[in-house]
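Everything below concerns the one structure shown next.
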């Protein structure tokens, strides 16, 4: 099977909206070969293409290893993995740059996307990739956008099912901090979980939602399916990328609006990363107490500025954002890594509106310093809710 025929078959399959079943691949081979191949040739080429078009190849063992969250390829001889203790370089090696590129294009095709000179980057999802069985978020960039060679980033989206007790036993939450988190949940205070990439934001959010009373209905909106709290009345809504023709997209912002019509007791946005922050704050200000979400930020003090930037995308100016934020969100739970690289709850902060009208974060508890100035404010908020 020539390289040109493989490439033509790839291009044809890239337009398929459904799964790449053997019959679909075989039909693409027949069509692109002009009907010149016999059944035995089609069968042998089908086997070859199934190897070319499925799985993650030499990265599969890393993806299915216990605890793996990220697999990153920066060069044929530079494959990195994060298994919860920070990034480390592995012994995995590709034959050459062309092998990395072929894998990136194969995974892009499996995600229903294209990756070539005309479209040199891709962002997509791979449900049940290879042997790991979990959804994997794919990002890849080709030269010349990446001058040093193809860059491939794979994030394993394992369902976050741990509860607060499990995180406490693992040392991710200090005992005095878990009592505060329980108070926040019981008092139905809206909260955000902040932190960097891979710090454990989704894990903590899912554990906190597991402590919500079973009589309450939770509607979760996510970009990718990660939240899986142990709760009997949970509804998950997952956004959808546009297909290769650029149609069919369903955004997180669309789903937040739909969630409002689903009689939620609590609305949760798995990750606030754009204009959906406007709709989430509006929802939290219209009787939906106890909502939550995650946001990228280096510390609780930076959360208001981060939300300002996101709200600007949604058409909300700074003053309006702080007015909505002050009325809607009460607490920030910040996660990070300790000196050994392990994830933990680092800080709990209260959001307070100052005399200038702008919201600031005040530390109520810190993993290294204990209780802070905001502890009394948090206690007052909890007490005001009758908890």
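The values are calculated or read from the model by the stated rules, or taken from the named source; none is laboratory data. Fair warning: this is a prediction, and the values are worked out from it, not measured in the lab. Methodologically, a virtual Cβ is constructed for each residue, glycine included, from the backbone with ideal geometry; neighbour enumeration extends over all protein chains shown.
Could you pull out the residue among 73, 92, 122, 136 that is at pLDDT below 95, over 30 Å from residue 230 (Cα atoms) and part of a strand (DSSP E or B)? Quick ask: steps written out before the conclusion?
Values: 73 fails: at pLDDT below 95; 92 fails: part of a strand (DSSP E or B); 136 fails: over 30 Å from residue 230 (Cα atoms).
Within the list 73, 92, 122, 136, the selection yields 122.
With the checklist (1) surrounded by fewer than 18 Cβ atoms within 10 Å (Cβ to Cβ); (2) closer than 21 Å to residue 239 by Cβ in hand, flag the one item residue 134 doesn't pass.
(1)
So how many residues does region 326-351 have that are surrounded by 15 or more Cβ atoms within 10 Å (Cβ to Cβ), over 28 Å from residue 69 (Cβ atoms) and out of contact with any helix residue (DSSP H, G or I) (no Cβ under 6 Å at 6 or more places or on another chain)?
The total comes to 2.
Considering (1) buried (at least 21 other Cβ atoms within 10 Å of the Cβ); (2) over 29 Å from residue 232 (Cα atoms), say which one residue 259 fails and leave the rest.
Only one criterion is unmet by residue 259, namely (2).
With the requirement that a residue be closer than 20 Å to residue 137 by Cβ and free of Cβ contacts under 8 Å to residues at least 40 places away in the same chain, what does region 249-263 give you? Break it down stepwise before answering.
The initial filter retains those residues of region 249-263 that are closer than 20 Å to residue 137 by Cβ, namely 249-255.
Scanning region 249-263 gives 249, 250, 251, 252, 254, 255.
Yes or no: region 173-182 includes at least one residue that is touching a residue at least 24 places away in the same chain (Cβ under 8 Å), part of a loop (DSSP other than H, G, I, E, B), outside the structural domain of residue 64 (by TED's automatic domain parsing) and under 19 Å from residue 69 (Cβ atoms).
Within region 173-182, one or more residues are touching a residue at least 24 places away in the same chain (Cβ under 8 Å), part of a loop (DSSP other than H, G, I, E, B), outside the structural domain of residue 64 (by TED's automatic domain parsing) and under 19 Å from residue 69 (Cβ atoms).
Among the residues of region 230-257, write down those that are in a loop (DSSP other than H, G, I, E, B), touching a strand residue (DSSP E or B) at 6+ places or on another chain (Cβ under 8 Å) and modelled with pLDDT of 90 or more. Break it down stepwise before answering.
First pass over region 230-257, keeping only residues in a loop (DSSP other than H, G, I, E, B): 230-233, 239, 241-249, 251.
From what is left, the residues that are touching a strand residue (DSSP E or B) at 6+ places or on another chain (Cβ under 8 Å) are 231, 233, 239, 241, 248-249.
Selection gives 231, 233.
Look through 149, 195 and report the one residue that is in contact with a helix residue (DSSP H, G or I) (Cβ under 8 Å, 6 or more places away or on another chain), within 22 Å of residue 70 (Cβ to Cβ) and surrounded by fewer than 22 Cβ atoms within 10 Å (Cβ to Cβ). Can you show your working first?
Values: 195 fails: surrounded by fewer than 22 Cβ atoms within 10 Å (Cβ to Cβ).
Selected residue: 149, the only one of 149, 195 that is in contact with a helix residue (DSSP H, G or I) (Cβ under 8 Å, 6 or more places away or on another chain), within 22 Å of residue 70 (Cβ to Cβ) and surrounded by fewer than 22 Cβ atoms within 10 Å (Cβ to Cβ).
Out of 288, 322, 366, 296, I need the residue that is within 20 Å of the chain's Cα centre (by Cα) and surrounded by 15 or more Cβ atoms within 10 Å (Cβ to Cβ). Which one? Give the steps one after another, and end with the answer.
Values: 288 fails: within 20 Å of the chain's Cα centre (by Cα); 322 fails: within 20 Å of the chain's Cα centre (by Cα); 366 fails: within 20 Å of the chain's Cα centre (by Cα).
Sole residue among the options that is within 20 Å of the chain's Cα centre (by Cα) and surrounded by 15 or more Cβ atoms within 10 Å (Cβ to Cβ): 296.
I'd like to check something: does region 307-314 contain any residue that is within 19 Å of the chain's Cα centre (by Cα), within 30 Å of residue 119 (Cβ to Cβ), in the same structural domain as residue 356 (by TED's automatic domain parsing) and surrounded by fewer than 22 Cβ atoms within 10 Å (Cβ to Cβ)?
For region 307-314, residues within 19 Å of the chain's Cα centre (by Cα), within 30 Å of residue 119 (Cβ to Cβ), in the same structural domain as residue 356 (by TED's automatic domain parsing) and surrounded by fewer than 22 Cβ atoms within 10 Å (Cβ to Cβ): present.
Residues are listed down the side, and each one gets a yes or a no for (1) closer than 26 Å to residue 242 by Cβ; (2) within 19 Å of the chain's Cα centre (by Cα); (3) assigned by TED's automatic domain parsing to the domain that holds residue 249:
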| residue | (1), (2), (3) |
| --- | --- |
| 87 | no, yes, no |
| 111 | yes, yes, no |
| 117 | yes, no, no |
| 138 | yes, yes, no |
| 143 | yes, no, no |
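What are the residues in region 198-209 that are crowded, with 20+ Cβ neighbours inside 10 Å and not in a helix (DSSP H, G or I), if any?
Residues of region 198-209 that are crowded, with 20+ Cβ neighbours inside 10 Å, as a first pass: 199-209.
If the condition is that a residue be crowded, with 20+ Cβ neighbours inside 10 Å and not in a helix (DSSP H, G or I), then 199, 200 are the ones that fit.
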